[in-house]
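Down below is the structure, laid out as structure tokens.
The values are calculated or read from the model by the stated rules, or taken from the named source; none is laboratory data. Computed from a prediction, not measured in an experiment: that's the story for all the values here. As a convention, Cβ positions derive from the backbone with ideal geometry for all residues, glycine included, and neighbour counts pool all protein chains shown. Calculation scope for accessible area: heavy atoms of the full protein, side chains included, ligands and nucleic acids excluded. Shrake-Rupley method; radii C 1.70, N 1.55, O 1.52, S 1.80 Å.
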Amino acid sequence: FATLFSTYLRGSQSLEKKHPVSFTLVEKAIEAIHLDGGIAVLAHPRTYNTYDEIEKYISWGLDGIEISHPSYHEGDLEKVIHYPLLHTGGSDYHGNLNISNKRQMGNYGITSEQYKRLKEVINHDVHD
């Protein structure tokens with residue numbers, strides 16, 4: 001794996017050099033998610049420092065916001081919880097099996113009420 005990584009992701013044959021990463025504009029991403037029947041959720045706004053952009057994203061149709069994430073610090077929840085959005089949460093688990101890792105699956109979630117609301121919206125959109 002290390003050889004593949006160094007060759008194709010960092011080395012002279014890097015796929016990044018052949019196919020540079022580009023980013024979709026948030027407004028276009030929200031639109032695309034909705035066109036495919038999805039729910040547009042802003043993931044870990046603290047990590048990307050997007051607190052000041054949330055109202056604009058809402059005006060573009062943002063449906064939800066991640067309110068529970070290992071990157072959050074004291075006071076972060078208050079910056080997002082008041083918006084009229086669906087709430088999600090997640091540990092950002094990517095397979096690290098280190099038991100002491102705070103990003104373990106199930107460590108960050110939402111309340112039963114938040115889950116029920118999210119499920120209602122998903123079931124409503126799927127069945128319409």
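Of I30, I54, which residue is in contact with a strand residue (DSSP E or B) (Cβ under 8 Å, 6 or more places away or on another chain) and assigned to a helix (DSSP H, G or I)? Every option except I54 fails the conditions.
Selection within the stretch 18-31: residues that are hydrophobic (A, V, I, L, M, F, W, C) and open to solvent by 100 Å² or more (accessible area, probe 1.4 Å). The member of this set that is modelled with the lowest pLDDT is F23.
For (1) farther than 16 Å from Q114 by Cα; (2) at pLDDT 90 or above, each residue gets a yes or a no:
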{"position": "L9", "(1), (2)": "yes, no"}
{"position": "I33", "(1), (2)": "yes, yes"}
{"position": "L42", "(1), (2)": "no, yes"}
{"position": "T50", "(1), (2)": "yes, no"}
{"position": "I54", "(1), (2)": "yes, yes"}
{"position": "S68", "(1), (2)": "no, no"}
{"position": "E74", "(1), (2)": "yes, no"}
{"position": "L85", "(1), (2)": "no, yes"}
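Pairs meeting the criteria (first residue in the stretch 71-89 and under 18 Å from E55 (Cα atoms), second residue at pLDDT 80 or above and open to solvent by 40 Å² or more (accessible area, probe 1.4 Å), beta carbons under 6 Å, at least 6 apart or on different chains) are L86/D63; T88/V41. May I ask you to list the residues in the stretch 14-32 that are β-branched (V, I, T) and under 19 Å from V80 (Cβ atoms)? V26, I30, listed by residue number. Any chance the stretch 100-109 includes a residue that's part of a helix (DSSP H, G or I) and modelled with pLDDT under 80? No, the stretch 100-109 has no match at all.
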